[in-house]
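Below is one structure, written out as structure tokens; comments come after it.
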Amino acid sequence: MAGDGTPVVELRDIVKTFGRVVALSGVSMSVRAGEVMCLLGDNGAGKSTLIKILSGVFPPTKGEVRLRGEPVTFASPRDAQQRGIATVHQHLAIQPLMSVSRNFFLGREPTIGWGPLKRFDVGTARRVAVEEMARMGIDIRDPDQAVGTMSGGERQCVAISRAVYFGAEVLILDEPTAALGVRQAGTVLRYVAQARARGLAVILITHNVHHAYPVGDAFTILRRGSSYGTFRKSDVSREEVLGMMSGTEELDALESELEEFARSDRDEAARGGGGGARTGGGGVTG
Amino acid sequence: MGPPASSSSTSSDERLRRVGFVSRFLSRPETGAVAGALVIFTFFSIVAGDKGFLEPLGIRTWLQVSAQLGIIGLGATLLMIGGQFDLSVGSMIAAAGMMFLMPVVHFGWPIWLALLVTFLFAGLVGLINGTIVNRTGLPSFIVTLAFLYVLRGLTLGVTRAVTGTTQVSVRSFIGTVEGVVTGADARAVLKDNVFGQLFSFEFLGLPASVWWWVGLTIVASYVLLRTSFGNWIFAVGGNPEAARNSGVPVEFVRVVLFMGTATCATILALLQVFDLGSADVTRGMLKEFEAIIVAVIGGTLLTGGYGTVVGAVFGALIFGMTSQGIFIARWNTDWFRVFLGALLLVAVIFNNYIRKRATEAK
């Protein structure tokens, strides 16, 4: 653990371009141990690009990634993983047709034996999978059960507890609640809080403020490839976060536009809905 | 085999519904093939048992046919679980047979050297197939279909250029070197070699192909279920992107699997060469599809990520028993293909049902 002051992970002036497209233009962010940093932004804000840089999928065009104060470059996702950065992807790194225990250890199978007789330690894999899931508060009935039979929230739990078990110091969750119902999303947020309680630095990516606000300690808001700033929870309200995410001006414009709709509906109803020509009272300019 | 049953440590959980033996059996991928093989065995035992189906020679015949298909079926099964197809298997059989026998007969290579070069060639073909699939992202169906033609054409072209014919026989070799001998004696030359013994021995009255099949099945099943690599095969076939995110070397796994299918084809080719004493450019026609059929009847999903080696064994048995059973029963063998097509369809429908049970039931 990188105790006290030093952030576990820090991004400095990250720029990422794909050909002529600028996906990120100078984003900075830092996360400490035992802290949940929510990375908020609308679709296309650059959240996924930032996460791919953090998890070693590709390097930034410019800028620096620091891990425990040291500048690093990740050779591959596996490299990032070995340095303690675990990413739970939007499209889960989970195989629905494989069993819980096989999924749990995918890519890092425990082995016994030596040389050509080195083999997958199935017994250990089963036992550990059940134990670790139990520590996160999920009681799996059968470690041989295919993950496809579990609920969306439970699947996330497999991925999260796997990351925690393998000694991740940084846990990146990419839209973990996007495809979930209200109750399931609540379950997942509880695991996020659990992971924080166990001393992980958590980066939670979402575009849902209502999921981010209860669990987040700080919020970094991305808009169209650049950072709008990082705010501590004590400094902002949920509405302010929402406003910054989509841009207050835009929200205000949307609000007045919707009012126009409502008024023209009322007018029409008052006129009796007959064949009367509609005079442009509710002319909505797009 | 398949993923083993639940451990005793969790069986005390009251929420763990008592799943009956039948229900557990039904949700395993190889179930259909085991049941099918039993039905077919019983059927031919009744209608052709007195005509030789159950006699040692009859059993030997259908076991050998099953073994030959089973060997390439194993490679196809692992590859299909890994999410890919290899349509170049049939052409590889002809190419590997030629690759081995032509240098021995026409250039006088020692058998060990020809074997070594043939297996290296198989590895190379697998490497090329796998690398092209990895690099281009094209469906392996297309890539290996191209190699179905390329390999067949190369074999034909090179063989004709070197020998002037389309067949290389050990008989011609003996004829030129040691004077006139019969075909049976000529084959003995191949079989007397220490390395030649590997592909031509008999044990307990069963030919080498059956023992190779048994051995390769054990190895393949062990790799699939009890090694890290086996876990990666499932993952690469189920969801390659997710596998990559988990740190599985997806490209490496694919290349090894393609090398596996080419190697299985080579082993079959060598078994045939030693059995018949000849190599022929037309050998292995349609075998690529039969290998896939064996895998599918064995319960492996066409879409990858799910399947068993044991299922493929029973798939091959179904194939072997039926083709030879019809022959032994002295029925018109024309109908075999009709049966095979129908069986394939039933197997796929059944597999889909099993997969639904495995992923949705509870």
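Bear in mind that the values in this text are calculations on the coordinates, not laboratory data. Note that this is a predicted model, so its numbers are computed, not measured. Reconstructed Cβ throughout: ideal geometry from the backbone, glycine too, with neighbour counts over all protein chains shown.
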Legend entry - Radius, Kirkwood style, for chain A when every pair of distinct Cα atoms is counted (Å): 21.1 Å
Inset, instruction - Mind jotting down a quarter of the surface of the convex hull over the alpha carbons of the range B:34-354, in square nanometres, one decimal? - result: 17.1 nm²
Inset, instruction - Could you list B:120, B:204, B:301, A:50 in order of exposure, starting from the residue whose Cβ has the fewest other Cβ atoms within 10 Å? - result: B:204, B:120, B:301, A:50
Inset, instruction - Could you tell me the distance between the Cα centroids of the range B:139-154 and the range A:190-223, to the nearest Å? - result: 51 Å
Legend entry - Helical mean residue ellipticity (222 nm; -39500 (n - 2.57) per DSSP H run of 4+; nearest 500) of chain A: -11000 deg cm²/dmol
Inset, instruction - Could you work out how far the C-alpha centroid of the range B:291-362 sits from that of the range A:37-75, in angstrom? - result: 48 Å
Inset, instruction - Pull up all non-local amide H partners of residue A:26: gap of 5 or more, or a different chain, and H-to-H distance under 5 Å with H placed in the peptide plane. - result: A:14, A:15, A:16
Inset, instruction - With 18 Å as the limit, write out which pairs from A:16/A:47; A:62/A:233; A:16/A:62 have Cα-Cα distances beyond it, or answer none. - result: A:62/A:233
Legend entry - Burial ranking of peptide ranges B:264-274, B:42-52, A:154-164, B:221-231 (average Cβ count within 10 Å, highest at the top): B:264-274, A:154-164, B:221-231, B:42-52
Inset, instruction - For each of B:212, B:109, A:114, count neighbouring Cβ atoms within 10 Å of the residue's Cβ, then give the residues from fewest to most. - result: A:114, B:109, B:212
Inset, instruction - Rank the residues B:335, B:62 as a footprinting-exposure proxy: fewest other Cβ atoms within 10 Å of their Cβ go first. - result: B:335, B:62
